[in-house]
Amino acid sequence: MAPHWIDLVRSPDVLGTLYFDVPPLEPVRLRSFQLDWRGPALTLRIDLPAYPDPVRVPPEWSKHGHDTLQLHVQFTAVEDLTGRGWIPTAPVDVSLAALAYRRILVRIAEAGFGLSFTSSDSLTVGHISSYRMTETGSDEVPHSFVSRLDTRLFTSLPGTHESTFYQ
């Protein structure tokens, strides 16, 4: 049986306060993925398919007309990485399948793009932010971050050189 991704997150508390039911990772907008040899780890930056429940979001998010929740999902102890195609422009499906020894098979797929790997079954979520997506689908707009540190450091997405955000 495929596990629901939120059941594998080390500290799901923040998402649990924003959602009555955390949405699945199908379909999500894949904004970026970052490989880190030190883990080895792979981090996805994604927009979830559903915005949090209006009664659960901070008032300033509603005031700014936010409609998208973005976050990083980190997979550790990554092995067997394969990919084809290029970063998709359409939403992708992220599927998880349980394997032996507390590992999971992760498949990310869209027409013309595929990424698969195995990892530990313990996921980390971070850099949760809310924003209003533009008509073109861009996320290069002001973001409101959940983390106090992110809020102090950033008002929008930093450049990819900002290692404190992308690693």
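The values are calculated or read from the model by the stated rules, or taken from the named source; none is laboratory data. Values in this document were obtained by computation on a predicted structure and should not be read as measured data. Cβ placement follows ideal geometry from the backbone for every residue including glycine, while neighbour counts extend to all protein chains displayed.
Inside region 32-60, can you point out the residues that are of a type in the set (S, T, N, Q) and in contact with a Ser or Thr (Cβ under 8 Å, 6 or more places away or on another chain)? The answer is S32, Q34. For S116, the conditions (1) without any contact (Cβ under 8 Å) to a residue 60 or more places away in the chain; (2) surrounded by 15 or more Cβ atoms within 10 Å (Cβ to Cβ); (3) within 28 Å of P58 (Cα to Cα) all hold with the exception of (3).
For G126, indicate whether it is surrounded by 12 or more Cβ atoms within 10 Å (Cβ to Cβ) and over 18 Å from the mean Cα position of the chain (by Cα). Steps first, answer last, please.
Details: surrounded by 12 or more Cβ atoms within 10 Å (Cβ to Cβ): yes; over 18 Å from the mean Cα position of the chain (by Cα): no.
Considered against the rule, which asks whether it is surrounded by 12 or more Cβ atoms within 10 Å (Cβ to Cβ) and over 18 Å from the mean Cα position of the chain (by Cα), G126 comes out as no.
The residues on offer are T89, T82, and the sole one that is loosely packed, with under 15 Cβ neighbours inside 10 Å, over 23 Å from P158 (Cα atoms) and among the polar types (S, T, N, Q) is T82.
Of all residues in region 138-167 being in contact (Cβ under 8 Å) with a residue 40 or more places away in the chain and surrounded by 12 or more Cβ atoms within 10 Å (Cβ to Cβ), which is nearest to V14 (Cα to Cα)?
So in region 138-167, the residues in contact (Cβ under 8 Å) with a residue 40 or more places away in the chain come out as 139, 142-144, 146, 160, 166-167.
If we keep only those that are surrounded by 12 or more Cβ atoms within 10 Å (Cβ to Cβ) too, we end up with 139, 142-144, 146, 166-167.
Working: D139: 21, P142: 21, H143: 17, S144: 14, V146: 8, Y166: 20, Q167: 20 Å.
Among those residues, the one meeting the criterion is V146.
Of all residues in region 84-103, those satisfying the criterion of being outside any loop (DSSP other than H, G, I, E, B) and within 17 Å of the chain's Cα centre (by Cα) are V92, D93, V94, S95, L96.
Restricting to region 35-73, and then to whatever is among the charged types (D, E, K, R) and either assigned to a loop (DSSP other than H, G, I, E, B) or within 16 Å of F145 (Cβ to Cβ) (or both), can you tell me which residue is modelled with the lowest pLDDT?
Step one: filter region 35-73 for residues among the charged types (D, E, K, R), giving 36, 38, 45, 47, 53, 56, 60, 63, 67.
Going one step further and asking which of them are either assigned to a loop (DSSP other than H, G, I, E, B) or within 16 Å of F145 (Cβ to Cβ) (or both), we end up with 38, 45, 47, 53, 60, 63, 67.
On the way: R38: 83, R45: 95, D47: 97, D53: 89, E60: 92, K63: 94, D67: 96.
It comes out as R38.
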